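K.L.:
This is the structure I have questions about; it appears just below.
The values are calculated or read from the model by the stated rules, or taken from the named source; none is laboratory data. Quick caveat, the model's predicted, so the values are computed rather than measured. Cβ placement follows ideal geometry from the backbone for every residue including glycine, while neighbour counts extend to all protein chains displayed.
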Amino acid sequence: MVSNAEQGPVRQEAPEYAPGGSAATDAIVVEDVGRVYVDRRSRPTREVTALSGVSLRVAPGEVHGLLGPNGAGKTTLCKILTTTLEPTTGSARVLGRDVTGQSRAVRRSIGLVFGGDRGLYGRLSARENLWFWGAMYGLRRSRLRARAEVLLERVGLADRADSRVDTFSRGMKQRLHLARGLVGDPRVLILDEPTVGMDPVAALDFRALIGELRREGRTVLLTTHDMAEAEAVCDRVSLIDRGRLIMTESTDAVGRLLSGYERVVADDVPAELARRVEALDGVVAVRHEAGRVEVETEQPSATSAVLSVLAGAGVHRVSTARPDLGEVYLHLVGRRGMAVT
Amino acid sequence: MYPSALHLVRYGFLNAVADFKATYTWRSWLFGWLGRMFAQVLFFTGLGRVLDQPGAVRYLALGNALMTCVVDTMAVVATTSGERRAGTLSLLVASPADPVWVFVGRSLHWPISGVATASAALFGLGPIFGITWSASQVPLVVLLTALTALGTYCVGLFLAVVVVNVPRLRNVVSNCAYLAMMAFCGVQVPVGFWPRGIQAVVQAVPLTHTLRALRAVSDNRPAADVFGPVVPALLTAGLWLIAAVVTFRWLVAVPARRAGTLDLSY
């Protein structure tokens, strides 16, 4: 993949984007999309709503993060955009082409990468996998071979190009997945939890690669649980939960949203004092365990009040911090035992 | 540019070669697979000796020797359904390629192995049971074996695309299919033994026709008896291939997109 020296911050200036702008110029347009599954295994059969009234636009060259817990509907939206699932209601277009009515043309212009071990031919070498998938996109002979070599080099697998993929580590397979997703030279990349199972170094490399893709003008829709990843690479993020889009904002705007929240952490706090803090206006959550209290506030004045109460009670081991995107996300979707890192 | 069918078959075959290399060494093919198939031919032909009917041994030896290529070739069902297990099916469906042509190339190692297996059985075991071949018959026998493998491959492809999205059925379907062919297509008993309805149905199976042609070659019958069955064998093979393509495109992929049964894998 890219060299370690390039692993610094990869966020570039977000592309010019006017929300609600021309649907004709947007790379991805999702309009009021709903998807209902029929669960035939349950008796009686029941309908499960995976997506409901989701509308989203992604500008050309934008890296857009789609954040949500398991079962939120992220993968369902990816399936619809990659033409492997039809929406029940609404419509979606990729580069101006309808994913249902012009699915073949859509397939030609997208690359799909998902996380995990599967989706590769384990008995083929890395190079043969790229030949195979390149052939699926109509590449032939010298162009196909040249493309495979470039991508193997790009994802750092040139030295293992002739090794069978089932001998690869999970991180290596994931890098090969990325190369496979790029082999058709797609203008739009759908990355569905691509860093699942990656070690931290590989995940950093991956972020750098996303930066390269942006510089090349590709549009990327990235679904992830990882808030740090979204903050590092995305121009805008959408939060999705239970099939509904909660918000779509630039990461800068999300930063402003974060500024509304603060967190106070203090040690050696008795339970009675924690209850007094919890009763203060503007305090939205208090967690108290083994003398340590974590207080979340939704306005600066509440933070001041909490600090005053704690200081007045003689508590001196106190710190304040801004919550990260993940914590704001939890505020918005509620705490439901979700795996948010 | 969209990939052509031939291009897809060719790159599907890349997988076939890799699969075959991973499944067998020459030793395991020769002493494992071929040994198992020889044992099957010897077992059923041995039953012919017990029957003590003139011609039964010859009948069973020819039928069961050719049947080995059917058994080998029907592995196409399991290999094709492996696309879903490997998580590649949804990626194929999300690519500009027509996956069914990939499937066609993807399992070509099985009919090739099947031709080798049946040829070895016909030429290696045949003489033990009094079946000998003249030099002029050898190319015909190999061609008929290849046609049997090809026709069976098309039948297998059809069954494979039917169960590609229901992989738990892969072995049930392939085993039931070849056992039915073994029973009804003239391998163990003449087709005429069965009720008329079954006789009519097996006319749709290429093996029924190629086996009739092979018996004609073995009996030194006129060319019309040999080449006559080749026409329906080719025709039925083609129809099964068309059925596979149509079924995948319209009765598997389209409903799967609507029902949401194509998984993105993790």
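K.L.:
Write out, first by first residue and then by second, each pair whose Cβ atoms fall under 6 Å of each other, whose residues are 6+ apart or on separate chains, and whose first residue, in the range A:199-227, is buried (at least 23 other Cβ atoms within 10 Å of the Cβ) while the second is basic (Lys, Arg).
P.N.:
A:223/A:74
K.L.:
With respect to residue B:103, determine if the residue is farther than 30 Å from residue A:113 by Cβ, assigned to a helix (DSSP H, G or I) and among the aromatic types (Phe, Trp, Tyr).
P.N.:
In short, no.
K.L.:
Just checking, how many residues over the range A:121-134 are surrounded by fewer than 23 Cβ atoms within 10 Å (Cβ to Cβ) and either hydrophobic (A, V, I, L, M, F, W, C) or not assigned by TED's automatic domain parsing to the domain that holds residue A:84 (or both)?
P.N.:
Count: 2.
K.L.:
Which of the numbered conditions does residue A:141 fail, given that it passes all the others? Conditions: (1) at pLDDT below 95; (2) in contact with a helix residue (DSSP H, G or I) (Cβ under 6 Å, 6 or more places away or on another chain); (3) closer than 23 Å to residue B:15 by Cβ.
P.N.:
(2)
K.L.:
Residues in the range A:135-177 that are away from chain B (no Cβ under 13 Å), within 25 Å of the chain's Cα centre (by Cα) and assigned to a helix (DSSP H, G or I): how many?
P.N.:
6
K.L.:
Here are A:65, A:90, A:115: which of them is at positive phi, of a type outside the set (S, T, N, Q) and in contact (Cβ under 8 Å) with a residue 60 or more places away in the chain?
P.N.:
One residue alone meets the criteria, A:90.
K.L.:
Does residue B:211 count as over 17 Å from residue B:76 (Cβ atoms), touching a Cys at 6+ places or on another chain (Cβ under 9 Å) and among the aliphatic types (A, V, I, L, M)?
P.N.:
yes
K.L.:
Can you tell me which residue within the range A:82-101, out of those that are in contact with an Asp or Glu (Cβ under 6 Å, 6 or more places away or on another chain) and among the hydroxyl-bearing types (Ser, Thr, Tyr), is surrounded by the most Cβ atoms within 10 Å (Cβ to Cβ)?
P.N.:
A:100
K.L.:
Scanning for something in contact with a Pro (Cβ under 6 Å, 6 or more places away or on another chain) and within 12 Å of chain B (Cβ to nearest Cβ), does the range A:37-59 turn up at least one residue?
P.N.:
No, the range A:37-59 contains no residue that is in contact with a Pro (Cβ under 6 Å, 6 or more places away or on another chain) and within 12 Å of chain B (Cβ to nearest Cβ).
Residue-by-condition table, conditions (1) in contact with a Pro (Cβ under 8 Å, 6 or more places away or on another chain); (2) over 26 Å from residue B:92 (Cα atoms); (3) not polar (S, T, N, Q):
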{"site": "A:185", "(1), (2), (3)": "no, no, yes"}
{"site": "A:199", "(1), (2), (3)": "no, yes, yes"}
{"site": "A:206", "(1), (2), (3)": "yes, no, yes"}
{"site": "A:213", "(1), (2), (3)": "no, no, yes"}
{"site": "A:223", "(1), (2), (3)": "no, no, no"}
{"site": "A:239", "(1), (2), (3)": "no, yes, yes"}
{"site": "A:242", "(1), (2), (3)": "no, yes, yes"}
{"site": "A:266", "(1), (2), (3)": "no, yes, yes"}
{"site": "A:269", "(1), (2), (3)": "no, yes, yes"}
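K.L.:
What about residue B:220, is it buried (at least 18 other Cβ atoms within 10 Å of the Cβ) and either within 30 Å of residue A:74 (Cα to Cα) or over 16 Å from the mean Cα position of the chain (by Cα) (or both)?
P.N.:
no
K.L.:
On to the next question. Taking the residues in the range A:158-171 that are touching a Ser or Thr at 6+ places or on another chain (Cβ under 9 Å) and surrounded by 15 or more Cβ atoms within 10 Å (Cβ to Cβ) as candidates, determine which candidate is farthest from residue A:208 (Cα to Cα).
P.N.:
Top of the filtered list is A:164.
K.L.:
Could you pull out the residue among B:167, B:195, B:206 that is at pLDDT 95 or above, surrounded by fewer than 23 Cβ atoms within 10 Å (Cβ to Cβ) and not hydrophobic (A, V, I, L, M, F, W, C)?
P.N.:
One residue alone meets the criteria, B:195.
K.L.:
Filter the range A:123-134 down to residues that are at the interface with chain B (Cβ under 7 Å from one of its Cβ atoms) and outside any helix (DSSP H, G or I), then give me how many there are.
P.N.:
The qualifying residues number 2.
K.L.:
So how many residues does the range B:78-116 have that are in contact with a helix residue (DSSP H, G or I) (Cβ under 7 Å, 6 or more places away or on another chain), among the aliphatic types (A, V, I, L, M) and facing chain A (nearest Cβ under 10 Å)?
P.N.:
Of the residues in that region, 6 qualify.
K.L.:
Check A:107, A:118 and return the single one that is facing chain B (nearest Cβ under 7 Å), surrounded by 21 or more Cβ atoms within 10 Å (Cβ to Cβ) and basic (Lys, Arg).
P.N.:
A:107
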